[in-house]
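*Asks:* Shown below is the structure under consideration.
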Amino acid sequence: MASNQTSLNDAKFTIPSTDLEQQSALELETKEFDYSKRSQWLRAAVLGANDGLVSTASLMMGVGAVKQDVKAMILTGFAGLVAGACSMAIGEFVSVYSQLDIELAQLKRDNQRGNGEDRSEEEEKESLPNPMQAAAASALAFSVGALVPLLAASFIEEYKVRVGMIVGTVSLALVVFGWLGALLGKAPVFRSVVRVLLGGLIAMAITFGLTKLIGSSGL
């Protein structure tokens, strides 16, 4: 009898190892970060940085195709930085604000139908897009990207060296931004880097070639 009672107690308080493994897996799963929550600001930041790099460098390369003066290239790049940052911020703000209006209207309809009763007000607010956050991230990222070709071209009087420095520095920065975007978003690194790098080089080449063609034609 005593041995039977002891075995019953042991069976009662022993936790199977499979249950412990399931519990540990569940805790790890809940602690794992949801990378989709980064999509809003990450998209704006990566888009802004790439646009700042490519558009400013392309503008400077275009001007450099017809004018070899370093001052003209720097002024063109600075104007592109200011105009591009403002344009990106305003465009992102308007776009995300429109998305916010749509989601608020849909949320209101869901609440009226009783579909949102199981969600707290705090969770609903966290899920909504933030126009100011997206605009600020886009403008800041654009400015950071645009500074790369500006700094690369500064204080370099030799035209060919200056152009080569812009192309090389911008290419390196495109690789870094492509890698960073893939890392933060848990996306394939190689495809992201190649896509960003080739797109930037093609844009600079087209701008330089067409501007050179138009400038040589005397228009």
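The values are calculated or read from the model by the stated rules, or taken from the named source; none is laboratory data. Since the model is a prediction, treat every value here as computed from it, not as a measurement. Here the Cβ is made from the backbone with ideal geometry for all residues, glycine too, and neighbour counts use every protein chain on show.
*Asks:* Kindly indicate the residue of segment 130-155 that is among the hydroxyl-bearing types (Ser, Thr, Tyr) and within 15 Å of Leu47 (Cα to Cα) and also surrounded by the most Cβ atoms within 10 Å (Cβ to Cβ) among those meeting that condition.
*Replies:* Per the stated criteria, the residue is Ser138.
*Asks:* Please work out if Ala72 is modelled with pLDDT of 85 or more and farther than 17 Å from Ala146 by Cβ.
*Replies:* So Ala72 fails the test.
*Asks:* Going through Leu180, Leu151, Leu174, Leu197 one at a time, which residue ends up being modelled with pLDDT under 85, among the hydrophobic types (A, V, I, L, M, F, W, C) and out of contact with any Phe, Trp or Tyr (no Cβ under 9 Å at 6 or more places or on another chain)?
*Replies:* None of the others qualify; the one that does is Leu180.
*Asks:* I've got another one for you. Restricting to segment 157-192, what's the tally of residues that are over 21 Å from Lys212 (Cα atoms), in contact (Cβ under 8 Å) with a residue 60 or more places away in the chain and outside any helix (DSSP H, G or I)?
*Replies:* 1
*Asks:* Let me ask you something else. Out of all the residues in segment 183-193, which are surrounded by 14 or more Cβ atoms within 10 Å (Cβ to Cβ) and either closer than 16 Å to Leu53 by Cβ or modelled with pLDDT of 90 or more (or both)?
*Replies:* Selection gives Ser192, Val193.
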